[in-house]
1. Can you tell me how many residues within segment 158-177 are open to solvent by less than 30 Å² (accessible area, probe 1.4 Å) and either near the ligand (Cβ under 9 Å from one of its atoms) or not aromatic (Phe, Trp, Tyr) (or both)?
2. Just to be sure before I move on: is residue 189 buried (at least 17 other Cβ atoms within 10 Å of the Cβ) and outside any helix (DSSP H, G or I) in the structure I sent?
Amino acid sequence: MSATAEAPTPASPAAEEPFSERLKAATWGDHSAAENHGFTKALLGGELSLAGYTAMVAQHHFAYVALERVGRALADDPVAGRFHYPELERVPALEADLEHLLGGDWRDRISPTPATRTYVARIEQMADHPAGFVAHHYTRYMGDVSGGQFIRRIAAEAYALADGAGVAFYVFDGLGSLPEFRAGYRERLDSLDLDRAAAGFLVQETRLAYQLNTEVLADLGRKHV
Ligand code: HEM
């Protein structure tokens, strides 16, 4: 009998680190690239103009319309459907923010940048790749309930939006405790029934999602920083 025939399968879930930890570890370098970008640095430093902040909100709108449309389409999928949280949906908040920041005709005043069009196309492509959709979902919403909460405080102060109008995107009143939400989200990642190839795809797609986000910010940075 050969040694390989007796060896336990390397994919044995009990023997491996939780998938949420693997995902974070494998993509944290990409997170740093997004976080330490010129545009985000200006935003975090409270030095970004209100026009720059508004442009970011507008680009978010295009991305979240796509994310939430695909998310609804995959609501019954055994993998992506586990991340269908209607209470997370950001489009209504983004619309309220844009109305506050740009006025009632905001729809006529915004358009997607080339980087946002690429990002949106990739999100839409994931309608046929549920594990890849989870990557995009994780990259945005876990970021919004984590570092996004810093941005909320900085933006509220920098643009005098303390009453919440204009920063509604970062307000998740429907979720209760954000640390508990994040823990529950990680448990869902850990309990996903993915084979090795699908798990690897989810990790790679998360790296791409970070890159696409960084490109959106780089585009905005060229214009606003
Ligand atoms: C703007 C500057 C940013 C800051 C200050 C920031 C900060 C943070 C912090 C403090 C965490 C929590 C880390 C932990 O749980 O130990 C976090 C998590 C996260 N951020 Fe960011 N972030 C920023 C930008 C971004 C961007 C642009 C994205 C993606 C588009 C993003 C996506 C994520 C994700 C997915 C997580 C969850 C990681 C995990 O726990 O698995 N962040 N961020």
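The values are calculated or read from the model by the stated rules, or taken from the named source; none is laboratory data. Everything numeric here is computed off the predicted structure, so don't read it as measured data. With ideal geometry, Cβ positions are generated from the backbone for all residues, glycine too; neighbour counts draw on all protein chains shown. Only protein heavy atoms, including side chains, enter the accessible area calculation; ligands, DNA and RNA are left aside. Shrake-Rupley method; radii C 1.70, N 1.55, O 1.52, S 1.80 Å.
1. 6
2. Working: buried (at least 17 other Cβ atoms within 10 Å of the Cβ): yes; outside any helix (DSSP H, G or I): no.
In short, no.
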